[in-house]
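Here the structure is laid out as structure tokens; the discussion comes afterwards.
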Amino acid sequence: MSWASPFALQAAERLPFAQAIERIEASLRFGIDPSLAPIRCLLAELGHPEYSYECVQVAGTNGKTSTSRYTAALLHAQGRKVGLYTSPHLVSYTERVEVDGEPVGEELFALGVSYALAAWERIAARDEDMRAQGVTEFELLTAAALVMYALEDVNYAVLEVGLGGRWDATSAVPTVGCALTGVALDHTAILGDTLAKIAREKAAVIHPGIPVVLGPSAVSPAEVLEVVSERCEDTDVRPCVVSDASHPVVCDPDFLASDADLTTFAVHASAGDEGVVSFDVHVAVDVPDVGFIEADYPQMTVRGPVYQPQNAACALSLATAVLARPIPVAVARQALLACPVPGRFQTLRTEPLAIVDACHNPQSAEAFCDAVRAAFPDAASRPTLLIGALADKDHAGIVERVVPLFNRVVVTQSDSGRAFPAADLAAEIENLCGVKPAAVYGDARSALDALCGESFIACGTITLIGEIAAILA
């Protein structure tokens, strides 16, 4: 089904890129009430661009960006034109909207935003209730991205959930498959203060009649499994559960035996900060109206840290299910190896070494620590840690896990209004870890100027990583 806008943009409505960004950033950060009404109204006003292709949704506290990227790469490797929607961006808003592995151009981005804004203005002009409710930045960006994919005539759009699942703007579209990579405590003020509450919001992406992939921490601990299995039962879904062969998922055997298929992955080699991780995957997934599919993907490789095989295994399961057939092994291997995952233990510079990782909660910090140990087994030779944090995150949980791994620590902060002051973070590090930071800087550029000629690994907040990437670029 092809898409055509039900209205023509007026000359004044066609915004240049800079003005489109200004208008987006002036929108609400969060809605007054959780609701899918604004995005659904937007899509209806736009003539439902999302109906012109098939959508795949990826939710989860951690790993969803990597899983989304790998899924899009695998689908594209099979000759499909594929859109990818992720958030947040590191340097430019255009990074959030990709087609076939490349960010869209500024002209197309501005056109998509222009359509979304024009649609909202039409809605607000005639609907007082919707005007009062308002529209958020993410809702406008999601509508704009869906328009861009329709204009580009993609076959698939892989949509990363922005926050939660139940009320996320990406949940306004019909999907042909979904993944829930895992559940951890994050955004507790919005999603709930227990794992069960957060799991309930994220598991809402599971719908009848579509293949569903669950990462290891989507079925454990017990309070998460109870919520997710209840959602699967209510929607009559038989999910695929992904498990590390060396640390098998431990959950109710009745759930695994009767309600789920098991995809396993086994890591067998990893190498350094610039190396690749090698692993095998056995996919076992149930596809509605097709049946049970098994596929072996031996000697898969991804660039980067040791936590990526789990995300790649989720993506292989999801892509296999969406295509309803195995992907040729050589094709899958090349697609995964070539797929970039910005901000995930990413080497920005080799001489001197500069690595960034967007770990921003305790669970992702643990994965970051595993990557550090694998890449730099000799603790004495590890680079300097450059760390920042956001005030509304569990910065103490990050500090307790990350700081003890390093001999030298430098503290800074991003220019985000949510940034945790660098001086306060330094005091927290000394209080929790007994480590006095070597230096404290009030902004990223000052920190990088001071570290000029020195190897470092930066982590703690996506906004800080974005600023570092922009400066080093």
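Pull up the DSSP beta bridges for region 352-473 and report the antiparallel fraction as a percent, rounded to 5.
Details: 1 of 14 bridges.
Of the beta bridges lying entirely in region 352-473, close to 5 percent run antiparallel.
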Response to the item:
Sorted by chain and then number, the residues having a modelled amide H within less than 5 Å of the amide H of residue 349, at least 5 places away or on another chain, are 354
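In whole Å and largest first, what semi-axes does the C-alpha gyration tensor of region 346-472 yield when each eigenvalue is scaled by 5 and square-rooted?
Details: eigenvalues 67, 58, 39 Å².
After diagonalising the Cα gyration tensor, the semi-axes are 18, 17, 14 Å.
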Discussion item. Give me a comma-separated list of calculated 3J(HN,Hα) values for region 2-19, in order, Karplus coefficients 6.51, -1.76, 1.60 applied at θ = phi - 60°, integers in Hz, x for any Gly or Pro.
Written reply: 7, 10, 9, 5, x, 9, 9, 5, 6, 4, 5, 8, 7, 8, x, 4, 4, 6
Fill in: Residues 359, 339, sorted so that the one with the fewest Cβ neighbours within 10 Å comes first
339, 359
Worksheet item: Considering only region 64-216, what is the antiparallel percent among its DSSP beta bridges, to the nearest 5?
Response: 40
Worksheet item: Using alpha-carbon positions, what is the distance between the centroids of region 49-90 and region 421-473, in Å?
Response: 31
Worksheet item: Packing-wise, with mean Cβ within 10 Å as the measure, how do 447-455, 237-245 rank, highest first?
Response: 237-245, 447-455
Worksheet item: By counting other Cβ atoms within 10 Å of each Cβ, how are 121, 102 ranked from fewest to most?
Response: 102, 121
Worksheet item: Once amide H atoms are built 1.01 Å from N in the peptide plane, which residues 5 or more positions from residue 157, or in another chain, come under 5 Å H to H?
Response: 54, 55, 56, 83
Fill in: Nearby aspartates and glutamates by direct alpha-carbon distance to residue 81 (threshold 12 angstrom, same-chain neighbours under 8 apart not counted)
54, 98, 100, 102, 152, 153
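Could you tell me what percent of the DSSP beta bridges with both partners in the chain are antiparallel, to the nearest 5? Spell out each step's value before the answer.
Numbers: 28 of 67 bridges.
Of the beta bridges lying entirely in the chain, close to 40 percent run antiparallel.
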Discussion item. Starting from 0.36 nm per residue, how many nanometres of slack lie between residue 19 and residue 391 once their C-alpha separation is accounted for?
Written reply: 130.9 nm
Worksheet, complete the sentence: Any lysines whose Cα falls less than 19 Å from that of residue 202, other than same-chain ones fewer than 8 residues away, would be 64, 393
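The numbers here are math on the coordinates, done by the rules we state, and not lab data. Treat the numbers as computed from the prediction; the structure is a model and nothing was measured. All Cβ positions, even for glycine, are placed from backbone atoms using ideal geometry, and neighbour counts span all protein chains on display.
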